[in-house]
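Below is one structure, written out as structure tokens; comments come after it.
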Amino acid sequence: MRLSILTATLVSAITLTVAAPTAEAGEPLVPLDKREPNGASCHEYWGHYGVTTWGSWDNDWGKGFLDNLRGQCGNILNWAFSYSGSNGYASFSITGGAASHCVENAIWLASNPTGAIWGVSCTSF
């Protein structure tokens, strides 16, 4: 009887520990309600990109996005960022040799502090 009570207690403790949300070292947890409004769409035409952004991740005039683009894609040319209402719009070119999906990776990284955007795909025209 004692063994089954002890086993049940340990299983409950392990389950509670595993279910608790965690963050990377030094990184605050982002509540799910803050993740919802972030978004982006991406279009590409012969190495020139247009990315429309919305949510709290783009409130720095695209600076975080540009930093991550440089880190993921290399040399960024013709960078411009503007706002239309609450949406941001980035346009830029990438020189040859950039890694596949580097723009999508940069969007994910730039949006991560306020809720990472998953599933963005740059549509080619």
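The values are calculated or read from the model by the stated rules, or taken from the named source; none is laboratory data. Note that the coordinates shown come from a computational prediction; the quantities given were computed from them, not determined experimentally. With ideal geometry, Cβ positions are generated from the backbone for all residues, glycine too; neighbour counts draw on all protein chains shown. These accessible areas exclude ligands, DNA and RNA; they are computed on the full protein's heavy atoms, side chains included. Shrake-Rupley method; radii C 1.70, N 1.55, O 1.52, S 1.80 Å.
Checked against (1) surrounded by 13 or more Cβ atoms within 10 Å (Cβ to Cβ); (2) at pLDDT below 90; (3) at positive phi; (4) out of contact with any Lys or Arg (no Cβ under 7 Å at 6 or more places or on another chain), residue 115 passes all but condition (4). Taken over segment 65-89, the residue count meeting the criterion of being closer than 15 Å to residue 39 by Cβ and either in contact with a Lys or Arg (Cβ under 8 Å, 6 or more places away or on another chain) or in a loop (DSSP other than H, G, I, E, B) (or both) is 2.
Looking at segment 87-102, is at least one residue of a type outside the set (Phe, Trp, Tyr), in contact with a Leu (Cβ under 9 Å, 6 or more places away or on another chain) and free of Cβ contacts under 8 Å to residues at least 40 places away in the same chain? First the steps, then the outcome.
Of the residues in segment 87-102, the ones of a type outside the set (Phe, Trp, Tyr) are 87-88, 90-91, 93-102.
Then drop every residue that is not in contact with a Leu (Cβ under 9 Å, 6 or more places away or on another chain), which leaves 90, 93-95, 102.
Narrowing the set further to residues that are free of Cβ contacts under 8 Å to residues at least 40 places away in the same chain leaves 102.
Taking every residue of segment 87-102 in turn, at least one turns out to be of a type outside the set (Phe, Trp, Tyr), in contact with a Leu (Cβ under 9 Å, 6 or more places away or on another chain) and free of Cβ contacts under 8 Å to residues at least 40 places away in the same chain.
Residues that are under 17 Å from residue 122 (Cβ atoms), open to solvent by less than 70 Å² (accessible area, probe 1.4 Å) and acidic (Asp, Glu) are absent from segment 60-73. Looking only at residues in segment 88-111 that are of a type outside the set (A, V, I, L, M, F, W, C) and modelled with pLDDT of 85 or more, which one is surrounded by the most Cβ atoms within 10 Å (Cβ to Cβ)? Top of the filtered list is 111. Given the condition among the charged types (D, E, K, R), under 20 Å from residue 37 (Cα atoms) and in a loop (DSSP other than H, G, I, E, B), answer yes or no: does some residue in segment 52-64 qualify? Looking for residues that are among the charged types (D, E, K, R), under 20 Å from residue 37 (Cα atoms) and in a loop (DSSP other than H, G, I, E, B), one finds at least one in segment 52-64, hence yes.
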